[in-house]
Structures are given as structure tokens and as C-alpha cells.
Amino acid sequence: MSFITFGIIGAGWRAEFYLRIAQALPRQFRVHTMLVRDKDKALAMEQKWGVHTVGSVEQFVAEAQKHFQFAVVSVPRTAAPAIIEELAVQGIPVLAETPPASDLNSLTALLESIPRTAKVEVAEQYLYQPMHAARIHLARSGKLGEISHVQVSAAHDYHGISLIRQLLGIGNEPAVIQGERFTAPMMRSGGRDGDPSDGKMISSEQTIATLRFGDKLAVYDFTREQYFSWIRRDRILVRGSKGEIVGTEAAYMLDYTTPIYTELRRVDTGHNGNLEGYYHRGIIAGDEWLYRNPFAPARLTDDEIAVATSLLHMGQYAAHMRPSFYSLAEASQDHYLALTMQKAVATGQTVTCSKQPNL
């Protein structure tokens, strides 16, 4: 598939990721129509991005049925279920932003309301970020043996849970969850609005939880300031029966007398005297590419590469060229675990997740 055309419902901060991707990759993606109810915001989006906008779901559906392959739903989680259901009933494939609903009841109701033949996927991007994708590839390669333990401090709530399940290689197994939260002072760094204007100290809230899936154990550890902070780094640990990944370093047993030590190394161009342009090429370990950027040489951030990967997969899925890649049920399982984790943290009690019939 060489060209993917889609529409967007919503005009917030996250929706602009899709617009930037389409702008950076005009030979692969095109945003045909945006649904923006606010007239002033619609005009602003048209002027900034040169995109066609409509003001109602009915107009959007009519455009979708004639002109594009699927719809990206990028609206608040409270509004998403009704829109997803309406599009699904009309036979329009949907790529929904995370999470697709606000609570377990809403998730279950959404899954029950859409037709069984509906094509609804969720744009969970973290597993497609280059370094995470490389770690997942290595964890599934067998070199580390059976994966039994992971620690993830890289993303909040359902995003972090998604990485945990991907690295452990588990489905919707029941989980026993414990957790706690505490705060500590930290100097403010940048944010969505740019660099800080002062050296103000803020109260940083950290959540730590353990999730036991039978004989597999995960540790979730995150503070939201990590997304923008210059002094709070991500941390990933993956342990298997024959090896482990610690951050960007890996060690595993080739045989019982031969340990192998290697680095998951980013290959980026444009540094120092390199004249290829500035972009990410992939992740290599020793003589093996663990990840290759399918959008090189476009100049995209890791998160934009990940979102673009979801768009690419959705285009292929809508065209019956690939199977489901991150279904509504799978995304709902991650959100269900995250909601249960929040309950365990809030109450200080051990909480058991049962296997949900619809997830």
C-alpha cells in the first residue's frame, strides 16, 4: 500500500500529531477531512494545515463513505464511545485514540454495542516507539529465554501497562496488583508550552505498583513529569531465563559457557559531519537490526514514528492487507488493568483482576 487517506474527528493537541505526520510524509498519508464543531477552531485548523473541515458527524460520515479509508477518533475519553459506535455502525473503520472509554462499564458497553464485523483498532503507540519496539523484538526472539519479570518506568497508566504486557508476552491473564503513591519535590522542567520561565519547585507524584500474572511479575513505576523532565529518565528492565535487558544494554547466554554482552544502539543520521540529513534509521545490536524505521528519511520524533506506524497498520487493516494489530478488546484489557491498578494504589489494598468476559 503506497497511499493512505483518512479523516480525523477532534482538533486537540493529539490530533495535530496526525497532521504533522501527513505533512512530513505526503506520499504516504493524507488527511482528507476533519470534524471540528467549533467554527473558530475549524477556521484556525484550515488556515494552519490547509485541511478541509466539516461541523457534524453526518457530514463527516458522508465524506468518509466516499473519500477515505478510515477515521481517527481523537476526542476526550468520555465522548469517544458514542462516536466510535456511530462510525462502526455505519461501516467506517476506526482508529481510536487511547483510552477508548473512561471506565470499565463504558468499555464493556462499547464492546457490546459495535457490530462483530466492525474494524475498530486503537492507536496505542508506545510498543511502536523505536527503542521499545527493539526491546520487544529481542524479548520475543528467544535469546533471553522465558521472560518472567519486567520493570517499566516509561509511560503512564494504560501505556505503561501495554508495554508490560508486550514485554512479558501475556494476554488477558488475571493479575494480582498492589501499589502505593508518594510525592517529592522536584525542580520544574519544560512542558507542552515550552521551557520553564523560572526555577520553581513542584510536587512530583510517583506511582509504584506490582502486577503478578501467575509466575510472571511486573513493576510499574512512573511520575508524569518524566514526559518532559530533563532530570527524570525512563527505566526499563526485562529479565528472562537466559538473559536480560537493562535500559539499552543486553546480556544473554549463547550457550552454558558463552555469555554475550551487547548494546541496543540508536543509528541516527546528521550528527557531527554526517550529511545524510537528520533522521532516525533504526536500532542495532551487534550485527542485527532489531528495528528499522519504515519512514526514514522523514524527520519525525520517536512518538511520531510510532503514531505513523499505527496509521500504516490501520490503512493495511482497513484494506484487508493485514490482521488486527491492536484491537479494541486488547486496548480495553490494558485500560482495565490500569484502572484496577489505580484502585489498588488509592485504597492501599491488594486487588485481583479477573478475566473479563468481553475483554
Quiz item: Just GLU304, GLU112, GLU124 to compare: in a GNM of the chain, with alpha carbon springs under 10 Å, which one fluctuates most?
Solution: GLU112
Practice problem: Please work out which option in [x] 22; [y] 16; [z] 51 gives percent of Cα pairs over 37 Å apart calculated from these coordinates, and answer with its label. | Solution: [x]
Self-check item: Length added when fully stretched, ARG27-SER2, from 0.36 nm per residue minus Cα-Cα
Solution: 8.3 nm
Quiz item: Based solely on its DSSP helices, what 222 nm [θ] is calculated for the chain when runs of n ≥ 4 H residues each add -39,500 (n - 2.57) and the sum is averaged over all residues, nearest 500 deg cm²/dmol?
Solution: -10000 deg cm²/dmol
Practice problem: Please identify the helices of the chain, taking whole runs of DSSP H, that span at least 27 Å along their own axis as judged from the Cα atoms and have a mean Kyte-Doolittle score of -1.0 or higher. | Solution: 328-347
Quiz item: Roughly what % antiparallel, to the nearest 5, for the DSSP beta bridges in the chain?
Solution: 70 percent
Quiz item: Based on the alpha-carbon gyration tensor of segment 258-335 and its eigenvalue square roots a ≥ b ≥ c, which shape applies: rounded if a/c is under 1.5, prolate if not and a/b is larger than b/c, or oblate?
Solution: oblate
Practice problem: Work out how much length ASP198 to ASP38 would gain on full extension: take 0.36 nm times their residue separation and subtract the Cα-Cα distance, in nm to one decimal. | Solution: 54.2 nm
Practice problem: Please work out whether segment 12-79 counts as rounded, prolate or oblate from its C-alpha gyration tensor, where a ≥ b ≥ c are the square roots of the eigenvalues and a/c under 1.5 means rounded, while otherwise a/b larger than b/c means prolate and anything else oblate? | Solution: rounded
Practice problem: Please work out whether segment 208-271 counts as rounded, prolate or oblate from its C-alpha gyration tensor, where a ≥ b ≥ c are the square roots of the eigenvalues and a/c under 1.5 means rounded, while otherwise a/b larger than b/c means prolate and anything else oblate? | Solution: oblate
Quiz item: Which whole-number percent gives the relative contact order of segment 172-265, counting Cα pairs below 8 Å spaced six or more residues apart?
Solution: 19 percent
Self-check item: Separation of the LEU254 and TRP13 label points, Cα + 7 Å toward Cβ, nm
Solution: 4.7 nm
Practice problem: With r as the distance between the Cβ atoms of ARG235 and ARG181 and R0 = 22 Å, compute the FRET efficiency 1/(1 + (r/R0)^6) and round to 0.05. | Solution: 0.80
Quiz prompt | Linear extension gain, SER327 paired with ARG116, 0.36 nm per residue minus alpha-carbon span | solution = 74.7 nm
Quiz item: Any idea what the dipole of segment 216-359 comes to, in debye rounded to 20, about its Cα centre with Lys/Arg Cβ at +1 and Asp/Glu Cβ at -1?
Solution: 380 debye
Exercise. Take peptides 271-279, 182-190 and line them up by average Cβ neighbours within 10 Å, highest first, as a rough protection proxy.
Key: 182-190, 271-279
Quiz item: With contacts defined as alpha carbon pairs under 8 Å and 6 or more residues apart, what's the relative contact order of the chain in percent?
Solution: 19 percent
Exercise. For the chain, give the magnitude of the charge dipole about the Cα centre (Cβ charges: +1 Lys/Arg, -1 Asp/Glu; no others), in debye to the nearest 20.
Key: 240 debye
Quiz item: Which lysines, on any chain, are close to LYS216 with Cα under 26 Å apart, when same-chain ones fewer than 8 places away are left out?
Solution: LYS143, LYS242, LYS343, LYS355
Practice problem: Using a Förster distance of 35 angstrom, determine the FRET efficiency expected from the C-beta separation of THR347 and THR301, and round it to 0.05. | Solution: 0.40
Quiz item: Calculated FRET efficiency, GLN59 and ALA319, Cβ-Cβ r, R0 22 Å, to nearest 0.05?
Solution: 0.35
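Taken together, the values in this text are just the output of simple stated rules run on the coordinates, not laboratory data. Please read these numbers as outputs of a predicted model, since none were measured by experiment. Note: ideal-geometry Cβ built from the backbone for every residue, glycine included; neighbour counts use all protein chains shown.
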